[in-house]
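Read-outs throughout are calculated quantities, based only on the coordinates presented, and are distinct from any laboratory measurement. Predicted model, so just to flag it, every value in this text is computed and none were measured. Neighbour counts run over all protein chains shown; Cβ positions are idealised from the backbone, glycine included.
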Amino acid sequence: MRRHTGLILALDETDVGQAMAVARSVHDLVDAIKINWPLVLAGGPETITHLSEMVPVICDFKIADIPNTNRLIVEQAVDRGASGVIVHGFPGRDSIQAAVDAANDAEVFVVTEMSHPGGEMFTAPAAEAIAMLAVECGAKGIIAPATRPERIAAMRRLVGDLLILSPGVGAQGGSALQALRAGSDHVIVGRTISGADDPRAAAEAILRSMSD
């Protein structure tokens, strides 16, 4: 995934037609589109392929299983055109490594802590250890919350040059500019764009805020 604008669109949708329309309207403004289980379950795995014809696709499957199952899921996502896959780090080193090994040329991003308030209960206390596992296993980057910029800064000190992708901008209250200043490479924005009357105008507004 190349960095052009620093913006990633999260398509947390179940209406496949609407999702594709939003993707078409903003694909040239974003570095990637992140999709999750709701859209894949609604539209089938071929949704990955269709979107990947426009823009790099990151499958936010938050894979959290034993190594063999992680491997199988990553292989299926990549075979359908995914450029990246998001995995949880808490299952441990062998599960992360299995995902990285299965990805081949695709990129694996490891969740260090979740962006919602509940993320502070269990993922945040283990975030530093998970971040170091991501480095040691050869992941491309980590997921750190835009809702808590100080945590992004802490993760940046640990992971060096690894990419940091930060969700939680917009509807969850995170600021794109604060996340970038704290050390994020890309911010992830979902409903603020996809739910707007004019998704392209909403994306352009976010990009203007990032340029500050």
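Filter segment 74-97 down to the residues that are part of a helix (DSSP H, G or I) and of a type in the set (Ser, Thr, Tyr) and list them by number.
Answer for segment 74-97, where residues must be part of a helix (DSSP H, G or I) and of a type in the set (Ser, Thr, Tyr): just 95.
Considering only residues that are crowded, with 18+ Cβ neighbours inside 10 Å and under 15 Å from the mean Cα position of the chain (by Cα), look in segment 27-38 and name the one that is nearest to residue 200 (Cα to Cα).
So, considering only residues that are crowded, with 18+ Cβ neighbours inside 10 Å and under 15 Å from the mean Cα position of the chain (by Cα), the one nearest to residue 200 (Cα to Cα) is 30.
Go through segment 3-33 and give me each residue that's part of a strand (DSSP E or B) and under 14 Å from residue 81 (Cβ atoms).
Residues satisfying the conditions are 32, 33.
With the condition kept exactly as written, say whether any residue in segment 182-204 is assigned to a helix (DSSP H, G or I), closer than 22 Å to residue 27 by Cα, of a type outside the set (Gly, Ala, Ser) and in contact with a Ser or Thr (Cβ under 6 Å, 6 or more places away or on another chain).
Yes, the conditions are met somewhere in segment 182-204.
Which residues, taken from segment 103-138, are aliphatic (A, V, I, L, M), surrounded by 17 or more Cβ atoms within 10 Å (Cβ to Cβ), in a loop (DSSP other than H, G, I, E, B) and over 13 Å from the mean Cα position of the chain (by Cα)?
106
Name the residue that is surrounded by the fewest Cβ atoms within 10 Å (Cβ to Cβ), counting only residues in segment 73-101 that are over 23 Å from residue 129 (Cβ atoms) and of a type in the set (S, T, N, Q).
Only one residue tops the list, namely 76.
Checking residue 172 against (1) closer than 20 Å to residue 1 by Cα; (2) in contact (Cβ under 8 Å) with a residue 40 or more places away in the chain; (3) part of a loop (DSSP other than H, G, I, E, B): exactly one of these is not met. Which one?
(1)
Anything in segment 39-69 that is of a type outside the set (Ser, Thr, Tyr), surrounded by 14 or more Cβ atoms within 10 Å (Cβ to Cβ) and in a helix (DSSP H, G or I)? List them, or say none.
Scanning segment 39-69 gives 39, 40, 43, 48, 50, 51, 67.
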